[in-house]
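The values are calculated or read from the model by the stated rules, or taken from the named source; none is laboratory data. As the structure is a prediction and not an experimental result, all values here were calculated from the model. Cβ atoms come from the backbone with ideal geometry, glycine included; neighbour counts cover every protein chain shown. SASA here: full protein model, heavy atoms, side chains in, ligands and nucleic acids out. Shrake-Rupley method; radii C 1.70, N 1.55, O 1.52, S 1.80 Å.
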Amino acid sequence: MKILANDGISQSGIDALEAAGFEVNTTTVAQEQLINYINDKAISVLLVRSATTARKDLIDACPNLKIIGRGGVGMDNIDVDYAKQKGLHVINTPAASSQSVAELVFAHLYGGVRFLHDANRNMPLDGDTQFKKLKKNYAKGVELRGKTLGVIGFGRIGQEVAKIGLGVGMKVIAADKFIEAAYVSVDFFDGQSVTFNIKTETMEDVLKQSDFVTLHVPAQKDYVIAKPEFDVMKDGSAIINAARGGVVNEVDLVSALESGKLAFAGLDTFQNEPTPAVQLLMNGRISLTPHIGAATNEAQDRIGIELATQIKNILLNG
């Protein structure tokens, strides 16, 4: 059987699939040409990340497809229910990238509290002529230890973020519509661990108490964070969105930053990917990354192997 990994797959995943007798194709096919390619090449399995979509038209037009797989957590780029109705298997890798996303959240947090995102823009331009001025500009950093981290969405990724926050010495609070409490175990290099029972609170309470807020919610129709939510946040607090574009009202975010309500923001996802708003890209208070939450070598290896295991179980073991 033939597999098309249209947005790529790790070598470890390719090796595992080829060892099981599958033919793996890593050609990146343009979305508008994808249906014809799948049919011409008799593709049985389509693997995507966030770039490629698998909508109703593709599902209807490609009768040979047996599996659609998402290398990652969110499947908002796949018409999941419709695919299942048509008899397709839809798979994803919900646990594989959690650690990588959590670490990126803290990359944004550490960069934000020490102005690294802005310093790295200005040092190459003015570091040799305005060193003392820049030093003064960036001299009022803060520490994360002892601060309160609010996690909105307390699933796998939210809990991984909590582990790092607890390890750093932060107070961690969380809000989730579906989870009342979770045991979060912070594991250390020598086998020791400390377990915390974190009971979720209302989102309003979390926003009011938090020095830093991080979002880990799925894509949805309405904004999760907009002006009413920014208004109840602490003055001088900050927000990180490494979840999905569209869960934060970006116009209201810029207003909150420009008014001083927020000290900074970190964005890995954007409402208008792959062409984020210029107002975001040019804002010196925003730490920016191009949707790379799961883009570590370790996460991609885990994703590839997990996809390969699921595909083998479905197609070979029935």
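Summing +1 for each Lys or Arg and -1 for each Asp or Glu, what net charge is found among the other residues whose Cβ lies under 10 Å from the Cβ of R49?
0
P(r) for region 267-318, from all Cα pairs and a bin width of 10 Å, is 21, 30, 23, 18, 8, 1 %, short bins first. Heavy-atom accessible surface of T275, to the nearest 10 Å², is about 100 Å², with a 1.4 Å probe and all protein chains retained.
Expressed as a whole percent, the accessible surface of the chain that belongs to carbon and sulfur atoms is 51, based on a 1.4 Å probe.
Rounded if a/c is under 1.5, else prolate if a/b beats b/c, else oblate: with a ≥ b ≥ c from the C-alpha gyration tensor eigenvalues square-rooted, which is region 133-245?
Verdict is oblate for region 133-245.
Measuring with a 1.4 angstrom probe and ignoring ligands and nucleic acids, H108 comes out at about 10 Å² accessible. Helix 297-315 versus the longest principal axis of the chain: what is the Cα-based angle in degrees, 0 to 90, to the nearest 10? Helix 297-315 sits roughly 30 degrees off the main axis of the chain. Each other residue within a Cβ distance under 11 Å of A226 adds +1 if Lys or Arg and -1 if Asp or Glu, for a net charge of -4. Specify whether the C-alpha gyration tensor of region 92-142 places it in the rounded, prolate or oblate class, a ≥ b ≥ c being the square roots of the eigenvalues: rounded for a/c under 1.5, otherwise prolate if a/b is larger than b/c and oblate if not. It is prolate, given that a/c is not under 1.5 and a/b is the larger ratio. Principal axis extents of the Cα atoms in the chain, from largest to smallest and rounded to whole angstrom, are 62, 45, 39. Taking the Cβ-Cβ separation of K221 and T129 as r and a Förster radius of 30 Å, what is the calculated FRET efficiency to the nearest 0.05? That pair, K221 with T129, gives E of 0.05. Shape summary of region 9-96, radius of gyration then Dmax from alpha carbon positions: 12.5, 34 Å.
Accessible surface area normalised per residue over region 2-80 is 42 Å², counting heavy atoms of protein chains with a 1.4 Å rolling probe. What you get for the chain, charging only the Cβ of Lys and Arg (+1) and of Asp and Glu (-1), is a dipole of about 480 debye around the Cα centre.
Here the spin labels are modelled as points 7 Å beyond Cα on the Cα-Cβ line, and at D231 and I292 they lie 3.7 nm apart.
Computed with every protein chain present, the accessible area of M75 is close to 50 Å² [probe 1.4 Å]. Couplings 3J(HN,Hα) for region 84-101, derived from phi with the Karplus relation 6.51 cos²θ - 1.76 cosθ + 1.60 (θ = phi - 60°), are 5, 4, 8, x, 7, 8, 10, 10, 8, 10, x, 9, 5, 10, 4, 4, 5, 5 Hz, where x marks Gly and Pro. For the pair region 1-66 and region 83-105, the centres of their Cα atoms are 16 angstrom apart. Secondary-structure-derived ellipticity at 222 nm for the chain, considering helices only, amounts to -11000 deg cm²/dmol, per-run term -39500 (n - 2.57) for DSSP H runs with n ≥ 4. Other residues with beta-carbon under 10 Å from the beta-carbon of G236 carry, at +1 per Lys or Arg and -1 per Asp or Glu, a net charge of 0. The alpha carbon gyration tensor of region 143-200 gives principal lengths a ≥ b ≥ c with a/c of 1.5 or higher and a/b no greater than b/c, which makes the shape oblate.
Treating the beta-carbon of each Lys and Arg as +1 and of each Asp and Glu as -1, no other charges, what is the dipole magnitude of region 12-90 about its Cα centre, to the nearest 20 debye?
180 debye
Database remark: amide H of N25 closer than 5 angstrom to the amide H of I3, L4, A5 (H placed geometrically; neighbours at sequence offset of 5 or more, or on other chains; Pro and chain starts carry no H). Every Cα-Cα pair in region 207-318 was counted, and those over 18 Å apart are 55% of them.
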